[in-house]
Amino acid sequence: MVDFSPSNEIYFMQPTIAIIGGGNLGASLAEGLLEGNFVSPANLYVTRRNLQSLFPLQQRGVHITDQNLQAINNAQYIVLAVKPFQLKEVLEQLQPALQADKHVLISLVTGVWIHEIREIVGNQLSVFRAMPNTAIAIRESMTCICSTNATAEQIDFVSNLFNQLGKSVHIEEKLMDAATVLGACGTAFAMRYIRANIQGGIEIGFSAATASLIAAQTVKGAASLLLTKNTHPEQEIDKVTTPKGCTIAGLNEMEHQGFSSSLIKGVVTSYRKIQNDM
Ligand SMILES: NC(=O)c1ccc[n+]([C@@H]2O[C@H](COP(=O)([O-])OP(=O)(O)OC[C@H]3O[C@@H](n4cnc5c(N)ncnc54)[C@H](OP(=O)(O)O)[C@@H]3O)[C@@H](O)[C@H]2O)c1
């Protein structure tokens, strides 16, 4: 019987979540889910072998443990956030306790395919892969998700989970490498663009601190314009380029120097690297 009492209003239908591997990503995920009130601390388990860094989560009421089986016994959704080389051992440990009618796996582990996970845990379980980026720490991630065997309800739940932590999109698994490049490596690409602006800003007169603020907030504003208004970048560029003006002069010089071409080549080079190495 579902409890509709006011005290349970926020969480009344929330399944329990176990995060296996409370490192950088796993702990950020836990914090984001708590801040968004997506899950109550009592419904959240986080594991790792060395528990010390998880004490702040414990103080907020989250269950922390070094016993993965204990965590998943209490959970429906199991998030795997260990390093790729640690995943096989963790899955082999969990496998005997996994139940297809109870558990759903969500792997955040880069480069490990769903079929590789299913080779260990079997074909009955619903398995998701999700590729967030480091902005998950401030609930501004872009997360690409794919799944097999999942019900509409499970897909909704996992989408809602990652929408608490930024934005999410469902993709085909064959695009996961591309998602890693555009969404996760993309954070580094954007940082380089901002850094170059800071260097230019210092050369034209700003202190490093002021140039950093102007460059970062301007990029944030530009991205927000696209996300809010759903416009194409070139439409927004047209609004700031006046004939014979300084913006178009700077933009054209950047293009003469290969700006767009070098970014596209960088994206494609990262993609080739991930395809050849993983
Ligand atoms: N960081 C990102 O932005 C990002 C983005 C997308 C995907 N990913 C993927 O997310 C995964 C985690 O990345 P990360 O940066 O968070 O790595 P991390 O900080 O090293 O976290 C991994 C955690 O797993 C724990 N762990 C290892 N073995 C365990 C076991 N047997 N049982 C329970 N916990 C165990 C480790 O803690 P103990 O050593 O104390 O056990 C550690 O806290 C990686 O597979 C990465 O590819 C990361």
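The values are calculated or read from the model by the stated rules, or taken from the named source; none is laboratory data. The shown structure was predicted, so the numbers you read here are calculated from the model rather than taken from an experiment. Please note: Cβ atoms are built from the backbone with ideal geometry, for glycine as well, and neighbour counts cover all protein chains shown. Please note that ligands, DNA and RNA were not included when accessible areas were found on the heavy atoms of the full protein model with its side chains. Shrake-Rupley method; radii C 1.70, N 1.55, O 1.52, S 1.80 Å.
General observations
- Look at the stretch 252-278: where a residue is under 16 Å from Y193 (Cα atoms) and a partner is surrounded by 11 or more Cβ atoms within 10 Å (Cβ to Cβ), sitting 6+ places away or on another chain with Cβ atoms under 6 Å, you get V267/V181.
- Helices (runs of 4 or more DSSP H) completely within the stretch 148-209 that count 3 or more residues being open to solvent by less than 70 Å² (accessible area, probe 1.4 Å) and free of Cβ contacts under 8 Å to residues at least 60 places away in the same chain: 152-163, 186-203
- Only a single criterion out of (1) farther than 27 Å from D177 by Cα; (2) not in a helix (DSSP H, G or I) is not satisfied by G250, namely (2).
- Considering residues of the stretch 132-142 that are surrounded by 16 or more Cβ atoms within 10 Å (Cβ to Cβ) and more than 9 Å from the ligand (Cβ to nearest atom) only, the residue farthest from the chain's Cα centre (by Cα): R139
- One residue alone among E119, E89 is within 23 Å of I274 (Cβ to Cβ), open to solvent by 70 Å² or more (accessible area, probe 1.4 Å) and charged (D, E, K, R), and that residue is E119.
- Residue check, V112 in contact (Cβ under 8 Å) with a residue 12 or more places away in the chain and touching a strand residue (DSSP E or B) at 6+ places or on another chain (Cβ under 6 Å): no
- Residue match in the stretch 28-36 (condition: in a strand (DSSP E or B), more than 10 Å from the ligand (Cβ to nearest atom) and either over 20 Å from the mean Cα position of the chain (by Cα) or modelled with pLDDT of 95 or more (or both)): no
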